[in-house]
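First up is the structure itself, then whatever we jot down about it.
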Ligand code: GBH
């Protein structure tokens with residue numbers, strides 16, 4: 001059997017942050033309560049065909065009403081931080097940034113105050129995919145340049161209202177997904193954009209500018225008094241070259257450019273990766289000299305969402321969707337010996353490859369001059385199994401192994417000198433998994449959808465709890 005990684009709390013520096021992560025649309029529910037406006041996900045899911053089980057987040061797991069119970073459970077398990085997201089349409093129902101919705105502000109004040117009272121540090125994400133629908137309808141959402149100013153107004157309102165207590169801010173979660181799956185392929189809200197698929201590059205461009213504008217507001221108006229930090233959360237799979245051949249090595253690098261470099265290169269170096277420009281030409285927007293100067297170094301830390309890895313080979317014209325065709329890469333799940341890169345979780349895209357995170361963290365440190373990094377999401381899912389007993393579904397041993405492996409990988413990166421400051425498990429609760437609805441369960445806490453949404457910690461939550469308390473006995477290597 002596979003050798004299990006040995007990992008203990010003591011392998012991480014003092015002050016290293018351990019937390020859990022969620023996002024507003026996936027857990028809150030209360031779609032029409034508290035003066036909230038519709039977001040693009042509220043509207044997108046009205047078309048039942050968009051979601052595998054024809055569900056939506058109208059109620060989700062009702063965190064809006066159960067936040068106290070949830071935070072109490074989080075605290076009792078021993079987590080020191082909670083990464084949650086703020087629903088833009090709760091703060092500005094029409095997105096226009098004129099007058100805050102006081103009920104929305106009150107909800108997040110209560111949430112933040114409660115977590116602080118329980119000893120949990122808030123990590124707030126401003127945008128986790130739930131754009132106020134009015135901005136989509138009237139402007140075309142992220143395709144429009146005007147969105148940059150609206151986002152800055154929203155960010156400013158959040159800093160002003162919550163920044164006395166929130167010291168770690170994330171502007172945008174995974175701009176790649178909004179661009180590619182939201183405005184490009186269209187499997188996520190808003191379901192594509194009018195005209196050419198290539199217009200999705202505008203959605204990426206404006207997210208980068210909006211991120212920088214929010215950081216700029218923070219630095220000019222809040223930083224001195226509040227003393228916090230603002231980061232961007234990017235997502236990247238590790239791309240392992242399929243062979244020693246130079247073309248595969250270069251292809252793997254290109255794949256990373258198209259995920260990570262797309263967002264971090266402009267911020268750290270002032271422009272998109274050369275490999276993207278070569279393949280996309282004028283489809284890729286350009287930054288003016290003024291923009292370049294403006295976005296440069298507008299970041300205090302890198303948030304890294306990481307779940308999985310693939311072998312990547314060069315392919316002149318792969319039989320795949322547009323996005324892989326333009327990259328000229330082929331994604332492969334098996335090594336050339338036929339060995340799988342890792343066991344698959346429930347999601348088709350998710351292979352369990354702990355060493356990929358170690359390589360990715362080292363890559364980021366080297367390429368971007370050792371920035372502060374938080375692993376802002378890491379986790380795996382299992383299928384919602386209607387026939388299993390509660391006892392069975394709580395016994396998530398594969399997930400325990402996943403966390404041990406990936407945490408050991410983070411500890412190794414820290415030993416290598418990578419400046420990793422924290423780790424957030426995705427997710428605290430089973431929740432609305434976007435286009436997969438409730439069919440995939442990423443939680444360390446089980447939510448019983450058939451019994452009043454009751455919460456039940458899985459074995460992985462209990463493992464975390466022992467790990468956080470430094471009880472290492474369970475974590476000894478399995479040397480079989
Ligand atoms: C994260 O994205 C999200 O931040 C989080 O909200 C989500 O719950 C979590 O992943 C788990 O999925 O097979 O075409 O449907 C990670 C990046 C982007 C990976 C979408 C899976 C599915 C593409 N994810 N992708 S598709």
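Just so it is clear, none of the values below were taken in a lab; they were calculated from the coordinates. Note that the structure is predicted; figures quoted are calculated from it, not measured. Cβ: placed from backbone, ideal geometry, glycine included. Neighbour counts: every protein chain shown.
Numbers below:
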item	result
Cα centroid separation, segment 1-57 to segment 166-240 (Å)	17 Å
Net lengthening on full extension, residue 344/residue 103 (0.36 nm per residue, minus Cα-Cα)	82.5 nm
For the chain, share of DSSP beta bridges that run antiparallel, in % to the nearest 5	25 percent
Theoretical ellipticity at 222 nm over the chain - DSSP helices of four or more residues, -39500 (n - 2.57) apiece, nearest 500	-10500 deg cm²/dmol
In nm, spacing of pseudo-spin labels at residue 245 and residue 389 (7 Å Cα→C-beta vector)	5.3 nm
Mean separation of Cα contacts under 8 Å, 6 or more apart, over the residue count of the chain: relative contact order %	19 percent
Rounded to 5, percent antiparallel among DSSP beta bridges of segment 309-444	75 percent
Gained length - residue 439 relative to residue 326, 0.36 nm times residue gap less alpha-carbon distance	37.5 nm
Space enclosed by the convex hull of the alpha-carbon atoms of segment 297-393, per residue, Å³	188 Å³
Alpha-carbon Rg/Rh ratio, for segment 135-258, with Rh computed the Kirkwood way	1.08
Gained length - residue 466 relative to residue 194, 0.36 nm times residue gap less alpha-carbon distance	92.8 nm
Cα-only radius of gyration and Dmax that characterise segment 370-480, units Å	15.5, 48
Cα gyration tensor category, rounded, prolate or oblate, for the chain with a/c compared to 1.5	rounded
C-alpha center-to-center spacing [segment 128-148, segment 265-338] in angstrom	23 Å
Solvent-free Debye scattering, log10 I(q)/I(0), computed from the Cα coordinates of segment 15-95 at q = 0.21, 0.23 Å⁻¹	-0.98, -1.08
